[in-house]
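First comes the structure, then the notes that go with it.
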Amino acid sequence: VRVGPRKPERVGDRADHNPTAPLARLLGPPPGGPNVNTSARNLIRWTAVQRLATGRYGWEIEVGAGSDTPVALWPLPSPQLRAIPSESGARYFSAFEYGPAYEPTHLAADRVVYGWTPSGSDWRQPEARLSAARYPLTIAVMGDRYQAAFLGNNAVPAAVITTEEFPDGNDLRPKQYGL
């Protein structure tokens, strides 16, 4: 984690950073970390999986008593996190709800780190990269259900389609129309 240079003229020097900055402590190597139970590596790994699987991720920001300085980051499982769209143009989301739908916890927008891959049909809705695999799987499942039903019926079709007798060779000649 690189958090701000000590001397602005040396921005490119990787060794020159402030290890005591709040973000450096939260996302840096031990003894710091996002929270008391999670390492920064595990938080980032978990976040990447959430983004691939659901198209979004969220962290709750815990701030210190009497300040706005973050002291911990808590991962929020994406299926339990709902973004509430704002009604103004100032920001995309006004707040978040977390937890079961029958008893959600309200979280202010400035207390959540939220990232998402915007959907092609609605910018505010997430779109998972794995959703592209849904269509071939759906078609395969439909085919499997059809085959199982066919075999469950002793391979006897549910209906028989009948047609008239096939024409012979004389009926296949082009007909002459008088012009």
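The values are calculated or read from the model by the stated rules, or taken from the named source; none is laboratory data. Just so it is clear, the structure is predicted and the values come from calculations on it, not from any experiment. Here Cβ is always computed from backbone atoms with ideal geometry, including for glycine, and neighbour counts include all displayed protein chains. Note: accessible area is taken over every heavy atom of the protein model, side chains too, but ligands, DNA and RNA are not part of it. Shrake-Rupley method; radii C 1.70, N 1.55, O 1.52, S 1.80 Å.
Restricting 82, 91 to those that are part of a strand (DSSP E or B) and free of Cβ contacts under 8 Å to residues at least 24 places away in the same chain reduces the list to 82.
Somewhere in region 125-134, is a residue closer than 27 Å to residue 68 by Cβ and in contact (Cβ under 8 Å) with a residue 24 or more places away in the chain? Taking every residue of region 125-134 in turn, none turns out to be closer than 27 Å to residue 68 by Cβ and in contact (Cβ under 8 Å) with a residue 24 or more places away in the chain. Restricted to region 96-123, and to residues there that are assigned to a loop (DSSP other than H, G, I, E, B) and closer than 15 Å to residue 78 by Cβ, the residue that is most open to solvent (accessible area, probe 1.4 Å) is 101.
For region 50-75, name all the residues that are outside any strand (DSSP E or B) and either without any contact (Cβ under 8 Å) to a residue 12 or more places away in the chain or open to solvent by 50 Å² or more (accessible area, probe 1.4 Å) (or both). Residues satisfying the conditions are 51, 52, 53, 64, 65, 66, 67, 68, 69. Being over 20 Å from the mean Cα position of the chain (by Cα), surrounded by 11 or more Cβ atoms within 10 Å (Cβ to Cβ), among the hydroxyl-bearing types (Ser, Thr, Tyr) and modelled with pLDDT of 85 or more: is that true of residue 78 here? Criteria not met by residue 78.
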